[in-house]
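Take a look at the structure below.
The values are calculated or read from the model by the stated rules, or taken from the named source; none is laboratory data. Not measured: the values here are computed from a predicted model. Neighbour counts run over all protein chains shown; Cβ positions are idealised from the backbone, glycine included.
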Amino acid sequence: MIIVKFIQGAVTSFIPPGLNSITQGIVGADGMTEQVSTNEMMNHLGTAFIVLTGSLVGFAIYPDLGWLFIVSPIACVGVIFFLNRIRKEDIDHDAARGLAKENKDVPPPTNAGKEYTPPANTEDQATQSTDSTTENKKIFDSIPSFNFGWGSSTNANGSEPHAETPLKVLRDPILLTFIAIVFLFHTANGTVLPLVMQTLAIGSGRTGIVMSGNCILVAQIFMVMSAKICGDYSGKYGRKPLFLIGLFTVPVRCLILTALLQIRGDEAASPWMQFLILATQVLDGVGAGTFGTMYILVTSDISDGTGRFSMILGVTTAAMSIGGTVSGYLGEALAEDLGYMQAFFILMFMSLVPALLYLIFMPETLPALSKAKDPLHAMHSIKEEGSQDNMPVGQYKELV
(Lines give C-alpha, C1' and ligand atoms only; values in the text may rest on other atoms or scores of the structure.)
Protein backbone atom coordinates (compact mmCIF):
# COMPACT_ATOMS: atom_id res chain seq x y z
CA MET A 1 0.00 0.00 0.00
CA ILE A 2 2.88 2.39 0.75
CA ILE A 3 4.33 1.76 -2.71
CA VAL A 4 0.94 2.33 -4.33
CA LYS A 5 0.50 5.65 -2.50
CA PHE A 6 4.03 6.68 -3.49
CA ILE A 7 3.29 6.05 -7.16
CA GLN A 8 -0.07 7.81 -6.83
CA GLY A 9 1.56 10.90 -5.36
CA ALA A 10 4.27 10.97 -8.03
CA VAL A 11 1.75 10.74 -10.88
CA THR A 12 -0.78 13.24 -9.49
CA SER A 13 1.97 15.83 -8.91
CA PHE A 14 1.90 16.57 -12.64
CA ILE A 15 -1.77 17.54 -12.60
CA PRO A 16 -1.78 21.04 -10.96
CA PRO A 17 1.06 22.53 -13.06
CA GLY A 18 -0.21 20.88 -16.25
CA LEU A 19 -3.88 21.74 -15.78
CA ASN A 20 -3.27 25.36 -14.82
CA SER A 21 -0.65 25.93 -17.51
CA ILE A 22 -3.12 24.71 -20.13
CA THR A 23 -5.75 26.99 -18.58
CA GLN A 24 -3.47 30.03 -18.74
CA GLY A 25 -2.45 29.13 -22.28
CA ILE A 26 -6.10 29.12 -23.39
CA VAL A 27 -7.54 32.12 -21.54
CA GLY A 28 -4.35 34.13 -20.90
CA ALA A 29 -3.51 36.03 -17.73
CA ASP A 30 -6.59 38.22 -18.26
CA GLY A 31 -8.96 35.28 -17.88
CA MET A 32 -7.17 33.35 -15.12
CA THR A 33 -9.20 34.72 -12.21
CA GLU A 34 -12.55 33.67 -13.65
CA GLN A 35 -11.37 30.42 -15.21
CA VAL A 36 -9.44 29.16 -12.18
CA SER A 37 -12.53 29.85 -10.09
CA THR A 38 -14.63 27.81 -12.53
CA ASN A 39 -12.08 25.00 -12.60
CA GLU A 40 -12.04 24.77 -8.82
CA MET A 41 -15.84 24.84 -8.64
CA MET A 42 -16.04 21.90 -11.05
CA ASN A 43 -13.28 20.13 -9.13
CA HIS A 44 -15.16 20.37 -5.84
CA LEU A 45 -18.51 19.50 -7.43
CA GLY A 46 -17.00 16.38 -8.95
CA THR A 47 -15.41 15.42 -5.64
CA ALA A 48 -18.70 15.92 -3.81
CA PHE A 49 -20.54 13.72 -6.32
CA ILE A 50 -17.94 10.95 -6.10
CA VAL A 51 -17.86 11.05 -2.29
CA LEU A 52 -21.65 10.96 -2.04
CA THR A 53 -21.85 8.01 -4.41
CA GLY A 54 -19.02 6.20 -2.67
CA SER A 55 -20.51 6.73 0.77
CA LEU A 56 -23.89 5.32 -0.23
CA VAL A 57 -22.35 2.34 -2.02
CA GLY A 58 -19.95 1.72 0.87
CA PHE A 59 -22.83 1.78 3.34
CA ALA A 60 -24.71 -0.75 1.23
CA ILE A 61 -21.87 -3.25 0.64
CA TYR A 62 -20.08 -2.90 4.01
CA PRO A 63 -17.70 -4.56 4.94
CA ASP A 64 -16.75 -5.60 1.36
CA LEU A 65 -15.40 -2.23 0.24
CA GLY A 66 -13.01 -3.32 -2.49
CA TRP A 67 -15.43 -2.41 -5.29
CA LEU A 68 -15.25 1.26 -4.31
CA PHE A 69 -11.81 1.54 -5.90
CA ILE A 70 -13.29 1.07 -9.37
CA VAL A 71 -14.52 4.69 -9.27
CA SER A 72 -11.10 6.25 -9.95
CA PRO A 73 -10.36 4.35 -13.20
CA ILE A 74 -13.81 5.24 -14.53
CA ALA A 75 -13.26 8.94 -13.77
CA CYS A 76 -9.79 8.76 -15.35
CA VAL A 77 -11.31 7.62 -18.65
CA GLY A 78 -13.44 10.78 -18.69
CA VAL A 79 -10.41 12.96 -17.97
CA ILE A 80 -8.44 11.47 -20.88
CA PHE A 81 -11.40 11.83 -23.23
CA PHE A 82 -11.98 15.53 -22.56
CA LEU A 83 -8.25 16.31 -22.42
CA ASN A 84 -7.85 14.98 -25.95
CA ARG A 85 -10.59 17.34 -27.14
CA ILE A 86 -8.31 20.33 -26.44
CA ARG A 87 -6.47 21.18 -29.66
CA LYS A 88 -2.81 22.13 -29.58
CA GLU A 89 -3.45 25.28 -31.58
CA ASP A 90 -5.86 26.49 -28.87
CA ILE A 91 -2.98 26.92 -26.42
CA ASP A 92 -0.71 29.96 -26.48
CA HIS A 93 2.49 28.43 -25.12
CA ASP A 94 4.02 31.81 -24.25
CA ALA A 95 0.98 32.71 -22.15
CA ALA A 96 0.88 29.18 -20.69
CA ARG A 97 4.30 29.57 -19.13
CA GLY A 98 3.76 33.17 -18.07
CA LEU A 99 6.08 34.69 -20.65
CA ALA A 100 3.56 36.97 -22.36
CA LYS A 101 3.65 40.01 -20.11
CA GLU A 102 0.27 41.65 -20.54
CA ASN A 103 -0.35 45.40 -20.33
CA LYS A 104 -3.83 45.22 -18.80
CA ASP A 105 -2.62 46.28 -15.37
CA VAL A 106 -0.44 49.25 -16.38
CA PRO A 107 -2.44 52.48 -16.01
CA PRO A 108 -2.74 54.44 -19.25
CA PRO A 109 -0.53 57.51 -19.68
CA THR A 110 -2.01 60.95 -19.35
CA ASN A 111 -1.83 61.44 -23.11
CA ALA A 112 -3.59 58.12 -23.80
CA GLY A 113 -4.43 57.64 -27.45
CA LYS A 114 -1.66 60.01 -28.63
CA GLU A 115 1.97 58.98 -28.82
CA TYR A 116 4.37 61.91 -28.80
CA THR A 117 6.68 62.08 -31.80
CA PRO A 118 9.70 64.37 -31.41
CA PRO A 119 10.49 66.92 -34.15
CA ALA A 120 12.42 65.06 -36.80
CA ASN A 121 12.48 64.51 -40.50
CA THR A 122 9.98 62.21 -42.15
CA GLU A 123 12.47 59.37 -42.47
CA ASP A 124 13.26 59.39 -38.72
CA GLN A 125 9.57 59.46 -37.87
CA ALA A 126 8.87 56.45 -40.06
CA THR A 127 11.76 54.53 -38.48
CA GLN A 128 10.59 55.30 -34.95
CA SER A 129 6.99 54.34 -35.77
CA THR A 130 8.15 51.01 -37.21
CA ASP A 131 10.30 50.26 -34.15
CA SER A 132 7.41 51.10 -31.80
CA THR A 133 5.01 48.87 -33.73
CA THR A 134 7.47 45.98 -33.69
CA GLU A 135 7.98 46.33 -29.96
CA ASN A 136 4.24 46.42 -29.25
CA LYS A 137 3.69 43.18 -31.12
CA LYS A 138 5.59 41.44 -28.31
CA ILE A 139 7.01 38.56 -30.29
CA PHE A 140 8.15 36.05 -27.71
CA ASP A 141 10.65 33.23 -27.88
CA SER A 142 8.50 30.15 -27.22
CA ILE A 143 11.35 27.64 -27.23
CA PRO A 144 11.68 26.08 -23.75
CA SER A 145 14.92 26.83 -21.92
CA PHE A 146 16.81 24.52 -19.61
CA ASN A 147 19.41 27.08 -18.63
CA PHE A 148 19.78 26.98 -14.84
CA GLY A 149 22.33 29.83 -14.75
CA TRP A 150 22.37 32.34 -11.93
CA GLY A 151 20.29 35.00 -13.60
CA SER A 152 21.86 34.81 -17.06
CA SER A 153 19.74 35.30 -20.15
CA THR A 154 18.07 32.37 -21.85
CA ASN A 155 17.72 34.32 -25.07
CA ALA A 156 20.61 35.26 -27.27
CA ASN A 157 18.83 38.46 -28.25
CA GLY A 158 18.61 40.37 -24.98
CA SER A 159 16.19 42.91 -26.48
CA GLU A 160 13.38 40.36 -26.70
CA PRO A 161 11.39 39.11 -23.71
CA HIS A 162 12.70 35.79 -22.45
CA ALA A 163 12.16 33.31 -19.66
CA GLU A 164 14.05 33.96 -16.45
CA THR A 165 16.47 31.27 -15.31
CA PRO A 166 15.18 29.02 -12.51
CA LEU A 167 17.80 30.19 -10.03
CA LYS A 168 16.93 33.83 -10.68
CA VAL A 169 13.24 33.10 -10.16
CA LEU A 170 13.92 31.24 -6.91
CA ARG A 171 15.74 34.27 -5.48
CA ASP A 172 12.51 36.29 -5.45
CA PRO A 173 11.81 37.04 -1.75
CA ILE A 174 8.04 37.24 -2.36
CA LEU A 175 8.07 33.76 -3.88
CA LEU A 176 10.18 32.35 -1.04
CA THR A 177 7.83 33.87 1.52
CA PHE A 178 4.82 32.42 -0.27
CA ILE A 179 6.40 28.96 -0.44
CA ALA A 180 6.98 29.05 3.32
CA ILE A 181 3.37 30.11 3.92
CA VAL A 182 2.00 27.32 1.70
CA PHE A 183 4.13 24.74 3.53
CA LEU A 184 3.15 25.94 7.00
CA PHE A 185 -0.54 26.17 6.12
CA HIS A 186 -0.71 22.57 4.98
CA THR A 187 1.44 21.40 7.87
CA ALA A 188 -1.23 22.73 10.21
CA ASN A 189 -4.36 22.10 8.14
CA GLY A 190 -3.68 18.82 6.34
CA THR A 191 -4.33 16.61 9.35
CA VAL A 192 -7.43 18.38 10.72
CA LEU A 193 -9.91 16.63 8.40
CA PRO A 194 -8.61 13.10 9.16
CA LEU A 195 -8.76 13.82 12.89
CA VAL A 196 -12.33 15.12 12.59
CA MET A 197 -13.32 12.03 10.62
CA GLN A 198 -11.77 9.80 13.26
CA THR A 199 -13.63 11.50 16.11
CA LEU A 200 -16.90 10.83 14.26
CA ALA A 201 -16.21 7.39 12.79
CA ILE A 202 -14.28 5.41 15.42
CA GLY A 203 -16.49 2.67 16.84
CA SER A 204 -19.46 3.55 14.61
CA GLY A 205 -19.26 0.68 12.12
CA ARG A 206 -20.99 1.31 8.81
CA THR A 207 -22.46 4.55 10.17
CA GLY A 208 -18.91 5.82 10.47
CA ILE A 209 -18.50 5.50 6.70
CA VAL A 210 -21.48 7.80 6.15
CA MET A 211 -20.21 10.29 8.74
CA SER A 212 -16.75 10.33 7.14
CA GLY A 213 -18.33 10.89 3.75
CA ASN A 214 -20.46 13.71 5.16
CA CYS A 215 -17.31 15.44 6.44
CA ILE A 216 -15.94 15.60 2.93
CA LEU A 217 -19.31 16.33 1.33
CA VAL A 218 -20.08 19.34 3.53
CA ALA A 219 -16.60 20.76 3.00
CA GLN A 220 -16.74 20.30 -0.78
CA ILE A 221 -20.11 22.05 -1.08
CA PHE A 222 -18.77 25.13 0.71
CA MET A 223 -15.55 24.94 -1.31
CA VAL A 224 -17.66 25.41 -4.44
CA MET A 225 -19.15 28.59 -2.98
CA SER A 226 -15.74 29.81 -1.78
CA ALA A 227 -14.22 29.29 -5.22
CA LYS A 228 -17.10 31.25 -6.78
CA ILE A 229 -16.60 34.15 -4.36
CA CYS A 230 -12.86 34.19 -5.05
CA GLY A 231 -13.51 34.39 -8.78
CA ASP A 232 -16.02 37.22 -8.39
CA TYR A 233 -14.16 39.44 -5.93
CA SER A 234 -10.41 38.72 -5.97
CA GLY A 235 -10.07 40.62 -9.23
CA LYS A 236 -11.83 43.67 -7.70
CA TYR A 237 -10.54 43.85 -4.15
CA GLY A 238 -7.24 42.00 -4.52
CA ARG A 239 -5.89 38.61 -3.54
CA LYS A 240 -4.76 39.42 -0.02
CA PRO A 241 -8.09 40.08 1.79
CA LEU A 242 -9.69 36.87 0.55
CA PHE A 243 -6.55 34.83 1.15
CA LEU A 244 -6.39 36.08 4.74
CA ILE A 245 -10.00 35.04 5.32
CA GLY A 246 -9.14 31.53 4.18
CA LEU A 247 -6.00 31.35 6.31
CA PHE A 248 -7.61 32.58 9.52
CA THR A 249 -10.53 30.13 9.30
CA VAL A 250 -8.20 27.26 10.26
CA PRO A 251 -7.28 28.49 13.78
CA VAL A 252 -10.93 29.40 14.37
CA ARG A 253 -11.99 25.93 13.32
CA CYS A 254 -9.40 24.24 15.55
CA LEU A 255 -10.47 26.41 18.50
CA ILE A 256 -14.12 25.39 18.04
CA LEU A 257 -13.16 21.71 17.79
CA THR A 258 -11.11 22.00 20.97
CA ALA A 259 -14.08 23.50 22.80
CA LEU A 260 -16.50 20.86 21.51
CA LEU A 261 -14.26 17.97 22.54
CA GLN A 262 -13.78 19.60 25.95
CA ILE A 263 -17.57 19.72 26.37
CA ARG A 264 -18.00 16.15 25.18
CA GLY A 265 -15.37 14.77 27.54
CA ASP A 266 -14.75 11.02 27.56
CA GLU A 267 -18.37 10.12 26.84
CA ALA A 268 -19.60 8.86 23.49
CA ALA A 269 -20.70 11.64 21.21
CA SER A 270 -24.43 12.26 21.11
CA PRO A 271 -26.14 12.88 17.75
CA TRP A 272 -26.28 16.59 18.57
CA MET A 273 -22.54 16.69 19.33
CA GLN A 274 -21.79 14.78 16.14
CA PHE A 275 -23.79 17.36 14.22
CA LEU A 276 -21.83 20.23 15.80
CA ILE A 277 -18.49 18.58 15.03
CA LEU A 278 -19.63 17.93 11.48
CA ALA A 279 -20.71 21.58 11.15
CA THR A 280 -17.10 22.72 11.61
CA GLN A 281 -16.49 21.37 8.12
CA VAL A 282 -18.17 24.53 6.85
CA LEU A 283 -15.02 26.37 7.95
CA ASP A 284 -12.92 23.74 6.21
CA GLY A 285 -14.84 24.49 3.03
CA VAL A 286 -14.19 28.21 3.40
CA GLY A 287 -10.50 27.81 4.27
CA ALA A 288 -9.46 25.08 1.87
CA GLY A 289 -11.77 26.33 -0.88
CA THR A 290 -10.30 29.83 -0.70
CA PHE A 291 -6.75 28.52 -0.49
CA GLY A 292 -7.20 26.14 -3.44
CA THR A 293 -8.27 28.97 -5.72
CA MET A 294 -6.13 31.81 -4.40
CA TYR A 295 -2.80 29.99 -4.31
CA ILE A 296 -3.06 29.38 -8.06
CA LEU A 297 -3.93 33.03 -8.73
CA VAL A 298 -1.15 34.35 -6.47
CA THR A 299 1.32 32.00 -8.18
CA SER A 300 0.16 33.31 -11.56
CA ASP A 301 0.65 36.90 -10.34
CA ILE A 302 4.15 36.20 -9.01
CA SER A 303 5.23 34.36 -12.18
CA ASP A 304 3.83 36.97 -14.59
CA GLY A 305 6.50 37.79 -17.14
CA THR A 306 9.05 35.24 -15.88
CA GLY A 307 8.17 32.48 -18.33
CA ARG A 308 8.31 30.03 -15.40
CA PHE A 309 4.66 29.68 -14.35
CA SER A 310 4.69 25.88 -14.46
CA MET A 311 7.93 25.67 -12.51
CA ILE A 312 6.76 28.10 -9.82
CA LEU A 313 3.41 26.34 -9.51
CA GLY A 314 5.27 23.04 -9.25
CA VAL A 315 7.40 24.42 -6.41
CA THR A 316 4.41 25.78 -4.48
CA THR A 317 2.50 22.53 -5.05
CA ALA A 318 5.51 20.57 -3.80
CA ALA A 319 5.60 22.73 -0.67
CA MET A 320 1.89 22.05 -0.21
CA SER A 321 2.38 18.28 -0.61
CA ILE A 322 5.36 18.12 1.72
CA GLY A 323 3.45 20.12 4.32
CA GLY A 324 0.49 17.76 4.01
CA THR A 325 2.80 14.75 4.47
CA VAL A 326 4.39 16.21 7.58
CA SER A 327 0.95 17.18 8.88
CA GLY A 328 -0.39 13.63 8.56
CA TYR A 329 2.34 12.18 10.72
CA LEU A 330 2.38 15.08 13.17
CA GLY A 331 -1.37 15.15 13.72
CA GLU A 332 -1.70 11.43 14.28
CA ALA A 333 1.27 11.45 16.67
CA LEU A 334 -0.25 14.29 18.68
CA ALA A 335 -3.65 12.59 18.82
CA GLU A 336 -2.14 9.28 19.90
CA ASP A 337 0.18 10.71 22.54
CA LEU A 338 -1.89 13.63 23.88
CA GLY A 339 -5.46 13.05 22.70
CA TYR A 340 -7.65 14.67 20.04
CA MET A 341 -8.51 17.77 22.06
CA GLN A 342 -4.86 18.63 22.74
CA ALA A 343 -3.99 17.91 19.10
CA PHE A 344 -6.56 20.43 17.85
CA PHE A 345 -5.35 22.98 20.41
CA ILE A 346 -1.74 22.71 19.21
CA LEU A 347 -2.81 22.82 15.58
CA MET A 348 -4.68 26.05 16.31
CA PHE A 349 -1.44 27.82 17.24
CA MET A 350 0.42 26.24 14.34
CA SER A 351 -2.18 27.50 11.87
CA LEU A 352 -1.82 31.06 13.16
CA VAL A 353 1.79 31.20 11.90
CA PRO A 354 1.11 31.16 8.12
CA ALA A 355 -1.86 33.53 8.55
CA LEU A 356 0.27 36.09 10.37
CA LEU A 357 3.15 35.67 7.92
CA TYR A 358 0.81 36.44 5.03
CA LEU A 359 -0.70 39.40 6.86
CA ILE A 360 2.65 40.98 7.69
CA PHE A 361 5.07 40.00 4.94
CA MET A 362 3.11 39.25 1.76
CA PRO A 363 2.23 42.23 -0.45
CA GLU A 364 -0.83 42.47 -2.64
CA THR A 365 0.04 40.53 -5.80
CA LEU A 366 -2.86 41.50 -8.08
CA PRO A 367 -0.98 43.59 -10.69
CA ALA A 368 -3.65 46.29 -11.00
CA LEU A 369 -3.59 47.01 -7.25
CA SER A 370 0.08 46.40 -6.54
CA LYS A 371 1.18 48.80 -9.28
CA ALA A 372 -1.40 51.42 -8.35
CA LYS A 373 0.19 51.62 -4.89
CA ASP A 374 3.69 51.87 -6.36
CA PRO A 375 4.62 55.52 -7.08
CA LEU A 376 6.93 54.42 -9.88
CA HIS A 377 3.97 52.87 -11.67
CA ALA A 378 1.49 55.58 -10.75
CA MET A 379 3.74 58.27 -12.27
CA HIS A 380 4.10 57.84 -16.03
CA SER A 381 6.14 60.83 -17.04
CA ILE A 382 7.74 63.76 -15.32
CA LYS A 383 9.44 66.84 -16.62
CA GLU A 384 13.05 67.48 -15.76
CA GLU A 385 13.65 70.37 -13.42
CA GLY A 386 13.73 73.72 -15.16
CA SER A 387 12.12 72.59 -18.42
CA GLN A 388 9.44 74.63 -20.17
CA ASP A 389 6.24 73.56 -21.86
CA ASN A 390 7.75 74.04 -25.30
CA MET A 391 10.90 72.06 -24.57
CA PRO A 392 11.62 69.01 -26.77
CA VAL A 393 10.61 65.53 -25.65
CA GLY A 394 14.23 64.73 -24.82
CA GLN A 395 13.67 66.67 -21.60
CA TYR A 396 11.14 64.10 -20.39
CA LYS A 397 11.81 60.86 -18.53
CA GLU A 398 9.58 57.85 -19.03
CA LEU A 399 9.13 55.63 -15.98
CA VAL A 400 8.10 52.01 -16.56
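Here are some notes:
- Subset tally (residues that are over 32 Å from the mean Cα position of the chain (by Cα), surrounded by fewer than 17 Cβ atoms within 10 Å (Cβ to Cβ) and of a type outside the set (Gly, Ala, Ser)) for region 242-291: 6
- Some residue of region 284-307 being in a helix (DSSP H, G or I) and closer than 15 Å to residue 197 by Cα: yes
- Residue list for region 353-368, restricted to those being in a helix (DSSP H, G or I), among the aliphatic types (A, V, I, L, M) and crowded, with 19+ Cβ neighbours inside 10 Å: 355
- Residues (at pLDDT below 70 and farther than 26 Å from residue 64 by Cα) located in region 207-223: none
- For region 12-30, the condition of being in a loop (DSSP other than H, G, I, E, B), farther than 18 Å from residue 294 by Cα and without any contact (Cβ under 8 Å) to a residue 24 or more places away in the chain holds for at least one residue.
- Matching entry among 303, 270 (being in the same structural domain as residue 190 (by TED's automatic domain parsing), among the polar types (S, T, N, Q) and without any contact (Cβ under 8 Å) to a residue 24 or more places away in the chain): 270
- Neighbours by Cβ (under 7 Å, 6+ apart or cross-chain): first from region 66-86, modelled with pLDDT under 80; second assigned to a helix (DSSP H, G or I) and surrounded by 10 or more Cβ atoms within 10 Å (Cβ to Cβ): 67/61; 68/54; 68/57; 68/58; 71/50; 71/54
- Filter result (part of a loop (DSSP other than H, G, I, E, B) and either in contact with a strand residue (DSSP E or B) (Cβ under 7 Å, 6 or more places away or on another chain) or of a type outside the set (Ser, Thr, Tyr) (or both)) within region 269-283: 269
- In the set 226, 234, 204, only one residue is at pLDDT below 95 and in a loop (DSSP other than H, G, I, E, B); that residue is 204.
- Residue match in region 175-183 (condition: assigned to a helix (DSSP H, G or I), closer than 20 Å to residue 334 by Cβ, touching a residue at least 24 places away in the same chain (Cβ under 8 Å) and not hydrophobic (A, V, I, L, M, F, W, C)): no
- Test result for residue 100, in contact with an Asp or Glu (Cβ under 7 Å, 6 or more places away or on another chain), modelled with pLDDT under 75, outside the structural domain of residue 292 (by TED's automatic domain parsing) and assigned to a loop (DSSP other than H, G, I, E, B): yes
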